[in-house]
Amino acid sequence: MGKKVLVDLSHPFGPNMPVWPYFKKPNIDTVHSIAKSGVLTQSLQIVMHCGTHADSPRHVMDREFDGKRARYTHEMELEEYYGDAVCLDIKTHDWGLITAADLDDAVARAGMTHAELEGIIIILRTGMHLKWDDSKDYFHYATGCGVEAGHWFVKHKVKTVGMDQQALDHPLHTSMGLNGIPMNLVGKSGKPIVQEFTEKFGEEAYAWFNKELFIKHFGEERYTEFYGEIEDKAGTIGTWEPCHKMMLGNGITGYENVGGDLEKVVNKRFKIMGFPIRWLEGDGSMVRLVAEIDEDDLNDVPTRTYPYGDH
């Protein structure tokens, strides 16, 4: 065995970093400068859900699925952000909604059994982290998870899930489409992304993001099977960020915007750590996500360089 090395799985942080479509960019200012004061002191105003970060249950619900008040950041256990991990290589089509079959396939290619997933941290590698930018490609057209993946994480009792995408959910499960406080953002064609997706994949494919259409195509009973727990226990429409709610409602924490040198650990097992700030009544927190792995086990790929600025 070789020596243990640390691999940064975080995107660079700075004032021009890409942020979610309705967030303000970080405001970083200088309070003291070397030239004037002899010290450098900076101030920061930021939404905590920028860059590589962890969501807390309180971010998306007032009660977790056990009926207790949803936990704030300071109430989360440190063990939830540290432990044995595996990076699963997810194969899905562009803009795809990740399925249980996609996850099963990734587990098999990582040389694991489903029984080995219990209690560990899994990082999903889709390749979206390589598109990290203030762009429609990264935000509008990301692959992503939904209710089926959420049920899969709960079934296999994973501890934490990190994703190399803009959120724990597919863009059309978020406000970028017609869920939540809908923005229905405009895509590259000049049409709303909901319309683009429906024209590209059909109404039945889009139905997973829309309650009325899901019931029309698959029936009320199937809707209840997939989304009923969310509506009963989170008190929101099931198609609004269902993976967030299935995970966080069932005590599974999550990282968003995983990046950095993720390519070095694809299909590998390692230790991982990414601790949130001990923020009283926080809804989430930026983290420095780091893998600890045997040097001889690293994938032989170049260290990632970000071509400009902080991304």
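Summary of values
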quantity	calculated
Matching residues in the range 140-167 - criterion: being part of a helix (DSSP H, G or I) and within 22 Å of Thr52 (Cβ to Cβ)	Ala149, Gly150, Phe153
Residue list for the range 73-82, filter: assigned to a loop (DSSP other than H, G, I, E, B) and buried (at least 19 other Cβ atoms within 10 Å of the Cβ)	Met76
Scan of the range 111-144 for residues that are within 13 Å of Asp94 (Cβ to Cβ) and within 15 Å of the chain's Cα centre (by Cα), ordered by number	Thr126, Gly127, Met128, Lys131, Tyr138, His140, Tyr141, Ala142, Thr143, Gly144
Residue pairs meeting the criteria (Cβ under 7 Å; at least 6 apart or on separate chains; first free of Cβ contacts under 8 Å to residues at least 60 places away in the same chain and more than 20 Å from Met17 (Cβ to Cβ), in the range 138-155; second open to solvent by 10 Å² or more (accessible area, probe 1.4 Å) and of a type in the set (S, T, N, Q))	Thr143/Thr92; Thr143/Thr126
Single unsatisfied condition, Lys131 versus (1) open to solvent by 50 Å² or more (accessible area, probe 1.4 Å); (2) in contact (Cβ under 8 Å) with a residue 60 or more places away in the chain	(2)
Extreme residue, nearest to the chain's Cα centre (by Cα), among residues of the range 6-25 that are open to solvent by 60 Å² or more (accessible area, probe 1.4 Å) and closer than 22 Å to Thr174 by Cα	Tyr22
Selection count where residues are in a loop (DSSP other than H, G, I, E, B) and exposed (fewer than 13 other Cβ atoms within 10 Å of the Cβ), scope the range 26-40	4
Residue in the range 106-117 that is closer than 21 Å to Phe214 by Cα and in contact with a helix residue (DSSP H, G or I) (Cβ under 7 Å, 6 or more places away or on another chain) present	no
Residues satisfying the stated conditions in the range 170-199, i.e. open to solvent by 60 Å² or more (accessible area, probe 1.4 Å) and outside any loop (DSSP other than H, G, I, E, B)	Val186, Gln195, Glu199
Selection from the range 134-169 of residues that are open to solvent by less than 30 Å² (accessible area, probe 1.4 Å) and among the aliphatic types (A, V, I, L, M)	Ala142, Val147, Ala149, Val158, Val161, Met163, Ala167, Leu168
Count of residues meeting criterion [on the phi < 0 side of the Ramachandran plot and assigned to a loop (DSSP other than H, G, I, E, B)] in the range 46-69	14
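Quick grid of which residues meet (1) in a loop (DSSP other than H, G, I, E, B); (2) surrounded by 23 or more Cβ atoms within 10 Å (Cβ to Cβ):
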residue	(1), (2)
Leu44	no, no
Arg71	yes, no
Cys87	no, yes
Asp104	no, no
Leu124	no, yes
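The values are calculated or read from the model by the stated rules, or taken from the named source; none is laboratory data. Since the model is a prediction, treat every value here as computed from it, not as a measurement. All Cβ positions, even for glycine, are placed from backbone atoms using ideal geometry, and neighbour counts span all protein chains on display. The area values use the complete protein model at the heavy-atom level, side chains included, leaving out ligands, DNA and RNA. Shrake-Rupley method; radii C 1.70, N 1.55, O 1.52, S 1.80 Å.
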